[in-house]
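Notes follow the structure.
Please treat every number below as a calculation from the coordinates, not as lab data. This one's a predicted model, so the numbers in the text were calculated from it and none came from an experiment. Quick reminder, even Gly has a Cβ in these numbers, built from the backbone with ideal geometry, and neighbours come from all protein chains shown.
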Amino acid sequence: MSDTMKAVRFHAFGGPEVLVYEDAPIPEINVGEVRVRVHAVGLNPPDWYLRDGYKMLPPEWQPKVAFPAIPGTDISGVVEAVGDDVMDFAVGDDVYAMVRFPTGLAGESKAYAEYVTVPASEIARKPAGIDHLHAAAAPMSLLTAWQFMIALGHDEPNPLQPNRHVPVPLAGKTVLVNGAGGGVGHFAVQIAKWQGARVIAVASGKHEAFLRDLGADEFIDYTRTTPEDVVRDVDLVIDSVGGPTTGRFLRTLKRGGALFPIFPLGFSGSEEAEDLGVTVSATQVRSSGAQLDEVGRLLDDGTIRVAIDSVFPLADSRQAHERAAQGNIQGKIVLTGS
C-alpha cells in the first residue's frame with residue numbers, strides 16, 4: 001500500500017478557491033481507532049467555517065489551525081485497518097461516522113480524503129438500507145437534530161450556556177421548524193412527526209412538496225409570509241438557521257414553550273424570553289457512535305429519510321463549497337470518494 005492518498009487541503013484561510021486536491025500522507029492508525037477507506041463525505045457548515053478561519057466566532061473561541069488542513073467530519077466507507085485494541089469492528093465493515101467533533105474543530109477530523117482514522121467510539125455500522133452517499137449525508141445534521149430533540153447522549157459541560165440542554169416531550173405538541181428544507185431542518189421535521197407532533201415547516205416555496213412528503217402538516221413560505229406574524233401558541237421552535245434573528249420566534253410560542261436555536265450565537269432576547277415564560281436552550285453536537293447506531297435503525301427501515309441536494313467528486317470540493325454558499329439547499333451536499 002502506498003503511503004500517500006488524495007485529499008482536499010487548504011494552505012491558508014479563504015473562500016472555496018483555497019481548497020486544493022492533492023497528495024497527502026495516509027493517516028497512521030492509533031490505539032482505539034479504525035482507518036476507513038472513504039466512499040463518501042457529507043458537507044456541513046463547520047467545513048466552511050474552518051476554511052474561512054472561524055470568522056463568525058469570537059476571537060477567543062477561534063481554534064488555532066495548523067496548515068495544511070483537511071476539512072470535513074462526516075464520512076461513510078469501509079474499514080481498512082483496526083487498532084490492536086479495537087474489538088467491535090473488523091476490516092471490510094461498512095461504517096459511517098461524524099469524526100472528532102467538536103474536539104477536531106481545528107481541522108483534526110480530516111474527512112475530505114481517501115482515508116481517515118476514526119476513534120472506534122465515534123463510528124457505527126452503516127445502515128444496510130441506504131448507500132454510502134446517503135449515509136455520509138446523515139451524521140452531523142441528524143445527530144444535531146437528535147441531540148437537540150431526543151437525547152444529548154453525553155455528560156459534557158455545555159459551552160454555550162450554564163445549564164444542561166434538556167429536550168422536551170414532542171408527542172401531541174406543535175413544533176415549528178425554521179429552515180426546514182436544509183440538513184438539520186429536514187431531519188427535525190421527520191423526528192418531530194415520528195414522535196407524534198404536529199409540524200409547521202418554514203422554508204422557501206420550492207421546498208413545499210418535499211417537506212409535505214416528509215410529513216409537515218403545515219407549510220409557510222417565508223418569502224411570502226413572515227412566520228412570526230401568523231403563528232401563535234406553538235410548543236417548540238427548532239430554528240435551524242439561528243443567529244441574531246432567532247429571537248423573532250419568541251412571540252410564536254405559548255407560555256412554557258421552548259426555542260431551540262441550532263446556531264445560538266448572537267441571540268439577545270433572554271429578558272424577553274423570561275418575561276414570556278419561554279425557555280431558550282441550545283447544545284453543541286458531539287460525535288457518538290452509539291447514537292449513530294441508534295438512528296441507523298431508523299435510516300435502515302426508512303422511518304427517517306436522507307435528502308441529497310447535489311453530489312460532487314472529492315476533486316471538485318471547491319464547486320461543492322460554491323454550491324453551499326448559494327444557499328437554499330434541499331437536504332445535504334455530498335462528495336464522492338472511491
Q: Please work out how much length the chain gains when fully extended from Asp84 to Ser121, using 0.36 nm per residue of separation minus the C-alpha to C-alpha distance, in nm with one decimal.
A: 11.9 nm
Q | Partners for Lys206 among lysines (Cα-Cα distance below 18 Å; same-chain residues under 8 apart left out) | A | Lys332
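To the nearest whole percent, what portion of all C-alpha pairs in the range 96-201 is separated by more than 18 angstrom? Write out the running numbers ahead of the final one.
Details: 3240 of 5565 pairs.
Here the long-distance tail beyond 18 Å is 58 percent of all Cα pairs in the range 96-201.
Given a Förster distance of 51 angstrom, what is the FRET efficiency for Gln161 paired with Ala325, based on the Cβ-Cβ distance and rounded to 0.05?
Calculated transfer efficiency: 0.95.
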**Q.** Separation in nanometres of the label points that stand 7 Å from Cα toward Cβ, at Glu274 and Arg212
**A.** 4.4 nm
Q. At q = 0.16 Å⁻¹, what base-10 log of I(q)/I(0) does the Debye formula yield for the range 166-280 when every alpha carbon is treated as an equal point scatterer in vacuo?
A. -0.65
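Suppose every Lys and Arg Cβ carries +1 and every Asp and Glu Cβ carries -1, with no other charges. What dipole size does the range 1-158 come out with about its Cα centre, to the nearest 20 debye?
Numbers: 11 positive and 22 negative charges, 84 e Å.
It works out to roughly 400 debye.
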Q: Find which of Leu259, Gln326, Leu276 sits farthest along the positive direction of the dipole of the range 223-336, computed with +1 on the beta-carbon of Lys and Arg, -1 on that of Asp and Glu, about the Cα centre.
A: Gln326
Q.
With a cap of 11 neighbouring Cβ atoms within 10 Å, and only residues DSSP puts in a loop, list the trypsin sites (Lys or Arg not before Pro) found in the range 1-73.
A. Lys55, Lys64
(Q) With a 10 Å cut-off between alpha carbons and a GNM built on the chain, which of His39, His186, His11 moves the most? (A) His11
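Starting from 0.36 nm per residue, how many nanometres of slack lie between Ala12 and Arg297 once their C-alpha separation is accounted for? It would help to have the intermediate numbers written out before the result.
Details: separation 285, 0.36 × 285 = 102.60 nm, distance 4.01 nm.
The span from Ala12 to Arg297 would gain 98.6 nm if fully extended.
Dipole size in debye (nearest 20) for the chain around its Cα centre, Lys and Arg Cβ +1, Asp and Glu Cβ -1? Can you show the working numbers first?
Details: 29 positive and 43 negative charges, 147 e Å.
Computed charge dipole of the chain: roughly 700 debye.
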Q: Calculate the length of the line joining the C-alpha centroid of the range 124-175 to that of the range 1-50, in whole Å.
A: 24 Å
